[in-house]
Structure formats: C-alpha cells, structure tokens
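**Student:** Pasting a structure below so you can have a look.
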Amino acid sequence: MKQRIYHIINGLWSGIPLCCIRYWDMGFDGVNRPKPDRGGHDTVTHDELVERAVKWLKSTGRCGVAVPELVTYCDESPDAIGWRSEGQICVLIECKASRSDFLSDKKKFFRKHPEEGVGNKRYFMTPPRLLDAAEVMGDWGLLEVHGKQVRKILESGDHCIGFQNRKSERMMYSLLRRTTKRGDLTKCLAKKWGGDLDGALSTGISDPDGDRQ
C-alpha cells in the first residue's frame, strides 16, 4: 500500500499541495522524522571560542599562565596564548567561528611566514565540522568545541622558532610589567575580559601601556 502511494505521488508531484508534501515529510504514521546531518556546525561566537581556548590552555594544554587576545607592542595579537613551565613552551590558539574567517586568516603575514610567528605549539579552535583536518596546513593542530568538551582532532607539530624571534618573551614581559603596575593579572586585559585597558583591542601593534622597554 505504501509503495503504491509513493508511485502516485511521484507521478503527480508537481500538483501536490504543500500540506500533502509536509505530510509526506512526516511519514505515513504522522511522526516527524529528524533531518539527516548535512554537515552543519553548532552556533558559537568568536568570544565564546576564545574563552574556551583559555580554559583549555590552563587545563589540557598544561599552561600555568594563559590569557585572551593579548595586545602588546609586538605585531601579532593571538586570540589565546599560554606558557608552560617546562622548556619555555608557548602555545597559541586562533579561534575561527566561520569558514570565511579561516580563509582570510591564510592571508596574514604570519601564516605566509610562520618562522616569524609566535607559538611552539599552534592550534585552530572551531565549532564542530567547520574544517576538515586536511585543510589545516603548516603543522597546525585542530581543536573542536563539542558542547562542554574540547576534542583534539589534529595535534600540532613542533614549531622551531628562530633565535632572533623573541616575540613570546616580549609578550610575557609586557604581561608581567602590567601585572606589576596593576597588581592583578586579570586587570591587564581588555574590559570585556574583566580588565581595565581601554582600547586594548583596537590599538593594533601599540602596547596599551605605551611602554616599549
């Protein structure tokens, strides 16, 4: 019976009213069927990803110190960055909430010249299924946020930073100097992260405290 109805509808599809099409979609027993997964991804904002990145750095990433969107006099401003105690390891995370953001990231100077960038370990953090692991080039790792869980899809390679590249140390110095002046690490960040720095995200390559030493 069901097969017969299918052939009737298939032959007269163009003349079927919308209400009948909806009934067909629900099934003959009137139960609404779940749509198949088309490879979409969960809605998550860039700031939410940055917040999760900092938490991951402090826990799974084993970083004793980790901060969001640190702006210093260095010309690179990572979404999240942390430091481990062993071997002065610096871990960088770039957060991408959309494919367009990921594709535009490839145009950055530090992606074309990775030896000039910061981070011994480098990761992208995205919503689920935003990227395929094959798209992540240059020995970068890939982290996906699945609800309350962060899954490591691809491990980061070890990025050998040249002796002349001291940006990680400069960022650390800037953070320590601000902490000394303000007495609280949190206050060294932009206001949206609980700090008291005005315009910290819009100053570009300028250090918000104006000290280049």
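**Student:** Take the conditions touching a residue at least 60 places away in the same chain (Cβ under 8 Å), farther than 14 Å from CYS90 by Cα and among the basic types (Lys, Arg) and apply them to ARG178. Does it pass?
**Tutor:** no
**Student:** May I pose another question? Which one of the conditions (1) modelled with pLDDT of 75 or more; (2) more than 17 Å from VAL91 (Cβ to Cβ) does SER156 fail to meet, given that it meets all the rest?
**Tutor:** (2)
**Student:** Starting from residues that are over 17 Å from the mean Cα position of the chain (by Cα) and of a type in the set (D, E, K, R), keep the ones in segment 83-106 and report whichever is farthest from ASP47 (Cα to Cα).
**Tutor:** GLU86
**Student:** I need every pair where a residue in segment 110-135 that is on the phi < 0 side of the Ramachandran plot has its Cβ under 7 Å from the Cβ of a residue that is part of a loop (DSSP other than H, G, I, E, B) and of a type in the set (Lys, Arg), sequence separation at least 6 or different chains.
**Tutor:** PHE124/LYS96; THR126/LYS96; LEU130/LYS96
**Student:** Also, quick follow-up: For residues in segment 88-122 being of a type in the set (A, V, I, L, M) and surrounded by fewer than 19 Cβ atoms within 10 Å (Cβ to Cβ), which is farthest from ALA134 (Cα to Cα)?
**Tutor:** Here is the first cut: in segment 88-122, the ones of a type in the set (A, V, I, L, M) are 89, 91-93, 97, 103, 118.
The next check asks that each one be surrounded by fewer than 19 Cβ atoms within 10 Å (Cβ to Cβ); those that pass are 89, 103.
Details: ILE89: 26, LEU103: 14 Å.
Among those that are of a type in the set (A, V, I, L, M) and surrounded by fewer than 19 Cβ atoms within 10 Å (Cβ to Cβ), it is ILE89.
**Student:** With respect to the numbered conditions (1) assigned to a strand (DSSP E or B); (2) out of contact with any Lys or Arg (no Cβ under 9 Å at 6 or more places or on another chain), which one is the sole condition not fulfilled by ASP101?
**Tutor:** (1)
**Student:** Just to check your reading of the model, which residue among ARG182, ARG129, ARG170, ARG177 is surrounded by 13 or more Cβ atoms within 10 Å (Cβ to Cβ), among the basic types (Lys, Arg) and at pLDDT below 75?
**Tutor:** It is ARG182.
The values are calculated or read from the model by the stated rules, or taken from the named source; none is laboratory data. Note that this is a predicted model, so its numbers are computed, not measured. Heads up, the Cβs are rebuilt from the backbone with ideal geometry, glycines too, and the neighbour counts pull from every protein chain shown.
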